[in-house]
Amino acid sequence: MKKYLPKILTVVITVSTMSLASGIAYSQGTPTPTPASRPTGAQLQQRPAAGFDLADYGVEFQSDRRLIIMMAAIEAAGFDPVASGRQPSAFRSQVRKDLANLDPDLRSRLRAFYERNKLPAPATAADQAARYVSLALALGQPPTLDAPERSDDLPGGLLEVLDFAPLVREFYRRSGIDERLVSYTRAYQAEGDRLRPPAAELIRSVLTYLHTRPITTSSERVLVKAPA
């Protein structure tokens with residue numbers, strides 16, 4: 001079971017990251033309360049101590065300008081995870097307002113790429129965004145946002161949207177987002193703070209269920225022969 005823990009924690013981190021990347025733009029409707037399950041005595045004893053540090057388990061919340069730029073770009077392209085009948089978050093509304101005067105030709109090309117490469121049903125909003133999140137984290141830092149060379153070593157999903165990189169660079173140059181990155185980063189960090197407690201609880205639950213602790217470091221011995 002231990003060998004599957006890194007994969008499970010990767011799912012946990014991915015869910016948190018997706019929520020952070022597109023979730024700050026999700027609707028802020030009041031959730032329907034659900035009764036909390038009561039943990040058993042054994043579960044309480046197995047849970048980590050109160051001073052639970054996510055960093056000890058390889059989980060960190062960090063702001064990333066590339067990700068913010070990418071999510072704004074696909075917002076301009078038509079990505080909309082807000083459920084029907086719900087209101088967009090204050091942050092998403094602000095981003096839409098900021099992009100209202102985006103060059104129509106650029107917006108059209110962004111939208112054309114997004115629609116051409118859109119995943120078919122029953123893909124969720126998170127599925128649609130995941131490939132662009134991977135691309136964002138593969139780009140160089142702004143202002144260059146250099147794309148990686150096309151290679152079979154890259155994930156298949158990333159390869160599907162790799163040609164979006166030039167459009168992202170153009171979006172960065174022409175949208176004025178650079179001037180707003182400071183305020184966007186603050187909103188991003190605030191959402192990270194909000195997600196930290198539920199992410200910690202989710203990881204606690206995984207560790208309690210598996211009765212183990214993840215190995216987040218590795219060591220390797222390399223045989224070096226002295227020159228003859």
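What follows draws every value from the coordinates through simple rules; no lab data is involved. For clarity, every value in this text was computed on a predicted model and none was experimentally measured. Cβ coordinates were reconstructed from backbone atoms using ideal geometry, including for glycine residues, and neighbour counts include every protein chain displayed.
For the reader, a short list of remarks on this structure follows.
- Here the label points at residue 219 and residue 124, each 7 Å from Cα along the C-beta direction, are separated by 4.0 nm in the simple model.
- R0 of 35 Å, Cβ-Cβ distance residue 107-residue 152: FRET efficiency to nearest 0.05: 0.60
- Listed by Cβ neighbour count within 10 Å, with the fewest neighbours leading, 118, 97 appear as 97, 118.
- Residue exposure sequence - 158, 202, 135 - by fewest surrounding Cβ within 10 Å: 202, 158, 135
- The distance between label points at residue 54 and residue 180 comes to 2.5 nm (points 7 Å beyond Cα on the Cα→Cβ vector).
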